[in-house]
1. So which residues in segment 24-37 are within 28 Å of residue 272 (Cβ to Cβ) and either surrounded by fewer than 15 Cβ atoms within 10 Å (Cβ to Cβ) or touching a helix residue (DSSP H, G or I) at 6+ places or on another chain (Cβ under 6 Å) (or both)?
2. Conditions: (1) surrounded by 13 or more Cβ atoms within 10 Å (Cβ to Cβ); (2) under 31 Å from the mean Cα position of the chain (by Cα); (3) without any contact (Cβ under 8 Å) to a residue 40 or more places away in the chain. Residue 214 meets all but one. Number of the miss?
3. Scan (1) free of Cβ contacts under 8 Å to residues at least 60 places away in the same chain; (2) part of a helix (DSSP H, G or I) for the single condition residue 13 breaks and write down its number.
4. Condition test on residue 66, is it within 26 Å of residue 272 (Cβ to Cβ) and modelled with pLDDT of 80 or more?
5. Of all the residues that make up segment 141-162, how many are in a loop (DSSP other than H, G, I, E, B), out of contact with any helix residue (DSSP H, G or I) (no Cβ under 7 Å at 6 or more places or on another chain) and either over 13 Å from residue 270 (Cβ atoms) or at pLDDT 85 or above (or both)?
6. Can you run down the residue pairs with Cβ atoms below 7 Å, 6 or more apart or on separate chains, where the first is in segment 116-136 and assigned by TED's automatic domain parsing to the domain that holds residue 148 and in a loop (DSSP other than H, G, I, E, B) and the partner is surrounded by 17 or more Cβ atoms within 10 Å (Cβ to Cβ) and at pLDDT 90 or above?
7. Quick check on my filter: what residues within segment 10-34 are at pLDDT 85 or above and more than 25 Å from residue 79 (Cβ to Cβ)?
């Protein structure tokens, strides 16, 4: 690598900053440099690559399609640099409490896989996982914690979405319940002739479920706890809607009845603390967890 390569890499990061700020002027403020310097790096990079990176209009500058492809590669470089920096930190020095907040609904979707491996890797991190009650707002769930997992996309500019994952859902019952009552033929049969279990608040996030609760003839059980709901299902009480991962835990998904619904889980952190070593370590754990869901 020579000086030209270093300059081109810096030009690529400046291009990414322009994309993130939708213009040169705001990018210059974030990059703590002048617009003239920004122009110099972009001109040099365009000469090196042989194609235009920015197109101007009456409102400022926008990236060309080829430049947008480059920005995605810059994101990959950023992740590599973060992993290099992380590896340079003594894991024993990554210490302190990390508060993770979520709602009852999200907590039922989480299975803390490999959490023992995480504890072995970072022995001095203390995880405080808090599940909020149904009366708490989404903003309070996020604002009072270092990291939050929420089903509502945050709008606060001080918060950053680190990752997100769509969790597909289906209708579930226990093998014992289906053995005794048989499988419902279709959705209408399920609504008219089978017992339905309801988790409070779920209808706000799963549109199909709102219709089920409204039309079902036998809603026999309601709880604000996902854990009690799942236990009631396992005991053979009836049918409810759950994430498809519950297939792995002994419950039966009624694949013959379409449930075209999902819940999007957002992994959120505060802009000014997300790169602290202990918080970054926990964020990486939850990113891997979402990838496996």
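1. Filtering segment 24-37 down to residues within 28 Å of residue 272 (Cβ to Cβ) leaves 24-35, 37.
Within segment 24-37, 24, 25, 26, 27, 28, 29, 30, 31, 32, 34, 35, 37 qualify.
2. (1)
3. Result: residue 13 fails condition (1) only.
4. no
5. 3
6. That search, which allows pairs on different chains as well, returns 122/281.
7. Matches in segment 10-34: 34 only.
For every residue, the table says whether it meets (1) surrounded by fewer than 18 Cβ atoms within 10 Å (Cβ to Cβ); (2) touching a helix residue (DSSP H, G or I) at 6+ places or on another chain (Cβ under 9 Å); (3) not assigned by TED's automatic domain parsing to the domain that holds residue 251.
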site: 175; (1), (2), (3): yes, no, no
site: 179; (1), (2), (3): yes, no, no
site: 184; (1), (2), (3): no, yes, no
site: 189; (1), (2), (3): yes, no, no
site: 194; (1), (2), (3): no, yes, no
site: 197; (1), (2), (3): no, yes, no
site: 210; (1), (2), (3): yes, yes, no
site: 218; (1), (2), (3): yes, yes, no
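The values are calculated or read from the model by the stated rules, or taken from the named source; none is laboratory data. Just so it is clear, the model here is predicted, and its values are computed rather than measured. Every residue, glycine as well, gets a Cβ built from its backbone with ideal geometry; the counts of neighbours run over all protein chains shown.
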